[in-house]
C-alpha cells in the first residue's frame, strides 16, 4: 500500500499538514522538500562560492601571519551564507509564510549574523601596551561575513565586486601604505643602574641625534633591583632610525636593559 506522502514512483513529495483550527476545514497543505528542482543546484553553487571567496580572502591574512586566516575566513563566509539561505528558502521549512499567514523579516537574520561576527572579530584584536594589533583582520572578518550574506541571498554582482575591492584593499593598499611617507612610532623602555644613571637631558639628546622626538615620558625607580627606568613613546620619520638607535644603546655600558617596540596594526 502506497503512503499518502509518496508519489507514484514511491519517492517523497512532501509533508502534508491540515489546519489545526477547529472551525475551519482547510485543504491539506504541502511543505515542499528540496528534491529534483533547481533549488538544490542554487544552494550548492552559493555555498561553494561562499567557501571559495572566504578562503581567498583568508589566504591573504594567512600569508601575512595573522591569527585569523584561511580556514577562519572560509568558515565565516560559509556560515553566513548558510544562515541567509534560511531566509531565502523560508517557504520550504515554514509553510505558514507561503500561505500568507505570517510575514518574516529576513533582515533580522543579517542583523543577528553581524552582531555575532562582531564578537569573533573582537577576539582577533590584541593590545600590547599602547599598541593595538588585529584591527585589519577584524575588519576583513566583518566584510567576509557581509559577502557571505550577499552570496546566501544570491546577490552575485555586489558580492563579487565586494570581493575584488576587499582583496584590493588588503593587498594593493598595503603596497601603497608601505610607500607613503608616514611617522614611525615605537614604545621605548631603557634601564640604567642607579649608580650610572643617564640624565633626562642626555637621553633626549641621544634620541635627537638619531632623529627621534619624545611623545611622552615616564619614570620608574626600583631600589631593590637597583635600576632607574625611562619609559616613553618616541617617533621619527624613518623606521631605519630605530636600528641605529638600538646599536647606539647596545654600546653604552651603563644600559642594563632596553626595549624598542614598534606600534602597528
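Tabulated data for the structure shown
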read-out: Search result, residues across region 212-234 that are surrounded by fewer than 16 Cβ atoms within 10 Å (Cβ to Cβ) and within 14 Å of residue 188 (Cα to Cα); value: 213, 215, 216, 217, 218, 219, 220
read-out: Among residues of region 221-236, those that are within 42 Å of the chain's Cα centre (by Cα) and without any contact (Cβ under 8 Å) to a residue 12 or more places away in the chain, counted; value: 1
read-out: Residue under evaluation residue 138, criteria (1) closer than 30 Å to residue 232 by Cβ; (2) modelled with pLDDT under 80; (3) in a helix (DSSP H, G or I), criterion not met; value: (2)
read-out: Flag if residue 170 is touching a residue at least 12 places away in the same chain (Cβ under 8 Å), assigned by TED's automatic domain parsing to the domain that holds residue 122 and within 23 Å of residue 65 (Cα to Cα); value: yes
read-out: Residue 201 at pLDDT below 90 and either in contact with a helix residue (DSSP H, G or I) (Cβ under 8 Å, 6 or more places away or on another chain) or over 30 Å from residue 138 (Cβ atoms) (or both); value: no
read-out: Flag if residue 250 is in contact with a strand residue (DSSP E or B) (Cβ under 6 Å, 6 or more places away or on another chain) and over 30 Å from residue 77 (Cα atoms); value: no
read-out: Boolean, residue 193 is surrounded by 11 or more Cβ atoms within 10 Å (Cβ to Cβ), in contact with a strand residue (DSSP E or B) (Cβ under 7 Å, 6 or more places away or on another chain) and modelled with pLDDT of 85 or more; value: yes
read-out: Residue selected from region 196-208 under the condition under 21 Å from residue 253 (Cβ atoms) and without any contact (Cβ under 8 Å) to a residue 12 or more places away in the chain, by the criterion surrounded by the most Cβ atoms within 10 Å (Cβ to Cβ); value: 204
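The values are calculated or read from the model by the stated rules, or taken from the named source; none is laboratory data. A quick note: this is a predicted structure, and the numbers were derived from the prediction, not measured. Please note: Cβ atoms are built from the backbone with ideal geometry, for glycine as well, and neighbour counts cover all protein chains shown.
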